[in-house]
Every structure is written in structure tokens, then in C-alpha cells.
Amino acid sequence: MIKLQISDREQLKTDYLLAIKPQVLEDLKQLKTTISHLQNASMININEHSRRIAANALVIKETFDIKGLGEKPFIKKNYIASALMIENAPNKDAIANLSNVSNILDHLLTDKNALDELLGGEADQLLGINTSLLQKFSIKLDGELKILRLGFRYWDDNAAGKPIKTFFKDKELTQFCPYCNNEPAMYLENSVNKQHVYRFDLDHFYDKARHPMLATSIFNLVPSGQNCNQVNKGTTEFTDQYHMNPYLDGFRRDLVFVPIMDPLNIEVKEIKLEIKTGVHISREEKIMGTGPDNVERLGNANAFQLKSKYNLPEVRRVAGLLLENIRSTINHLKSLEGLLGSADHINHHNNIKLWFERVSYTHFYQKDFGNSAKSKLNRDLLDHYCSSLNLSENLYARVSEILEESYLDNFGGE
Ligand SMILES: [Zn+2]
């Protein structure tokens, strides 16, 4: 997994709030209006009676299991009738408490910081922000969450859905899926007929059904490939304990792809996923899912089927060719010394970087890994091969130093 690189996080948040907040406020206001109607039908005013408000009422009515509403709730007569029926709902308190939802909406509509915090909260604080809001307003019933969901209309292109998708299209946070570093996660359309060439998904890291208030939060929306999001992750619940969030981290070199060669040292027989020794167990759990109650899909490597994806015959074949290329250049000591020819330390990095990017068609620095498919694999192959070379001690020390340093912040690491 690759960390999503954001050069100016504060600016990104500011831009997001500017682009999204007006519509979310509007969506929350409409939900608040619906609830006022259902709490008191005499509040209904023809001027604020919109299809959205009526559609909200229909969902809320379903939550309360009220039968008998007409098919067209936006007809005022039916709408008022349905509002009045809430009063007689069976088990009303057990299903949802409209006052609790109404109170939390008031808070989000009037306290400027509360909504900013929810929409722009950092990835490692989102769950806490969400939980403390729910606790503060005593929201704990599924029915209440179901109603609250109507205020965070990620799925609705007539509501917050549209500006959110436009924002991520414009920002292009990555070209390839951070979860697998293989599938495209870019937006591209044919310039002639405007047909889609590629489209990315926005994965909700924390499930939007379980945490409806996080459905429109920027750092809960991960631009990703459709296979990773829909096929591999599906409805699996991601947690802080067992999953790694690409807004916070990547595998770095704690998980490496290791090529296992055939006896003739020509073909890559297998690509192993290896955890570096000494990695803290809490980090290993996020990467591999090796916890006390280990289930196949816990841990990002499991959830996104990385072992299978990186052991497809085509991937192994290309990995073999790259190793061949690296080997044939680097084995010529002269060309390696040429790459390291300059006395200038920075130039050593640049020369190795340029050479590697040319032979692999991918990227040398972690910060660029999202720009091409399999950057992490290719970089691991290079590291692996250089460490297994029979170089003179002196040269080996210089090469390893460059590879090691390229992972540090000042050379573009995470
Ligand atoms: Zn993916």
C-alpha cells in the first residue's frame, strides 16, 4: 500500500470545505426541516416543501414502519397526512428518537467548528470525532443513524455527491490505487466523445453505513480502484487496529516484495510478501492481519488480495525482465561507477534515480509511487538485487547508502 501524498494538507482541507460545505449545510437544513415537519405537522409551509424534504420524510416514515402513505409524497395533502402519522407510530422510541437527531443537526448547523471538524478531521481522529458527537447527543439506535445518513448525501448527485466527486477529480491525489499500487485510480475521459476511459472509486475507509456522519469527510474518502473497493473490500469493516489508512501511512519497507528465483536464477518463481523482522506487532496487524482473531480478510495485504495480484504470471514475467535489466547494467562495474561518478552526493541520488526510472518505467522515491503501477514492487526488486550483488565492499557500501537514504524525508521518502 502506498501513502497518498499531499503537499499542503491545510490547503487541501480549506479547499475541500469551500467546495463541499455549502451543499452539506443545505442537505442538513433540508433534513432538519423534514424532521420539524414530522415532529409538528402544523409547521409545514408550502414554500419550503421540496421533493428532497418529502423524500426524506418517506425514508423516515419507513424507519418508523408507517404504512399507508401515497406513492407521491410530494403532494402536500399526502405529505401532511404522513407527517401526522408519525405520532401514532408503533414502538416509536425504540426505532428512533427524532429529537436526538434534530439536536445534533442544530449543533452542526450552528456551531461552525463542529461541521468543519467532521468534514475536514484528520484520518486518525475521525472515529473519535464521530463517537463524541454521537455520545453528546445520545444517538445510539440504528434508526437514528439511518435518519442521520440523509444529511450526508454522498451518493446523491443532486446533493453533496456532485461537488465531492468533482473535487477529487480536480485534485488528482493519485494516478494508481493506493491499496494495491496497480489498478488505475485516475479520471480520464476521451477528449473527442467525452466517454469515460478510467474512473476511480472513492472508498469510505470507515464504512458509511455504520458511520453515516463520516460519509462526506475528506480523509474518509480514498480514491481507489474499483476492484479494491468493490470486489476485495466490499462491506468488510475496516478498523484502526487491523487496517492501514493510506492518508496516514504506506507499507514503506516494513513489507517488501521478495523475488524467489528458479534454480537457474533466470525466472521469478514466486513473489513473496515479507514483513521486516522487528516490525512492531501493531503495525504487522495492520499490514498482514495477524491478530489473535485472525480472519482471512483482516490486514490490508489480505483484504486487497495482494499476494494473488502480485503472483499473476504476467507480473512475475515482467519482474523477471526488470531483474534481468538491473543485473545486466549493474553487473558492469564501469557503468555503475559511471552512475556514481560525480563527487557530489546529491548527484549520486539523481543518477541512480534516473537510471532506475528508465529501466523500470516506474519511480525511485516513495513520494512518487502513486504515479505508476507497481512502483513499490519494482523498487523492492532493485533493493533486493543490489543487496545480493557481489560488489566490492567499498562500492556496495556506497550503493546501499544511496538506497537507504532515498527513503529518508529529505530525499523524498514518506
Ligand atoms: Zn487497488
Restricting to Cα pairs under 8 Å and 6 or more apart, the percent relative contact order of the chain works out to 15 percent
Starting with the highest mean, order 347-353, 180-186 by the number of other Cβ atoms within 10 Å, averaged over the residues of each peptide. 180-186, 347-353
Reachable aspartates and glutamates, given that their alpha-carbon falls under 15 Å from the alpha-carbon of Lys29 and they are not under 8 places away in the same chain: Glu48, Asp106, Asp111
Using modelled backbone amide H atoms (1.01 Å from N, in-plane), which distant-in-sequence or interchain residues come within less than 5 Å of Met244's amide H? Asn300
Quick one: Karplus J couplings for region 197-211, per residue in order, coefficients 6.51, -1.76, 1.60, θ = phi - 60°, nearest Hz, x for Gly and Pro? 9, 9, 9, 9, 8, 10, 6, 7, 4, 8, 3, 6, 6, 7, 10
³J(HN,Hα) computed for each position of region 310-323 - Karplus, 6.51 cos²θ - 1.76 cosθ + 1.60, integer Hz, glycine/proline x: 8, 10, 5, x, 5, 5, 5, 5, 5, 4, x, 5, 5, 4
Looking at the chain, I'd like the Rg to Rh ratio, where Rg is from alpha-carbon atoms and Rh is Kirkwood's inverse mean 1/r. 1.09
Cα gyration tensor shape for region 146-276, rounded if a/c is under 1.5, else prolate or oblate: oblate
Is there a pair in Lys208/Lys307; Lys3/Lys233; Lys140/Lys233; Lys165/Lys233 whose C-alpha atoms are over 23 Å apart, and which pairs would that be? Lys208/Lys307; Lys140/Lys233
Determine how many Å³ per residue the convex hull of the Cα atoms of region 215-313 encloses. 128 Å³
Taking just the alpha carbons, could you work out the radius of gyration and Dmax for region 9-233, both in angstroms? 19.0, 57
Ranked by how many other beta carbons lie within 10 Å on average, peptides 305-317, 243-255 from highest: 243-255, 305-317
Once you have a ≥ b ≥ c as the square roots of the Cα gyration tensor eigenvalues for region 219-269, tell me rounded if a/c is under 1.5, and otherwise prolate or oblate according to whether a/b is larger than b/c. prolate
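Throughout, read-outs are computed from the coordinates displayed, never taken from laboratory work. Being a predicted model, the structure only gives us computed values, none of them experimental. Cβ sites come from the backbone with ideal geometry, for glycine too, and all protein chains shown count toward neighbours.
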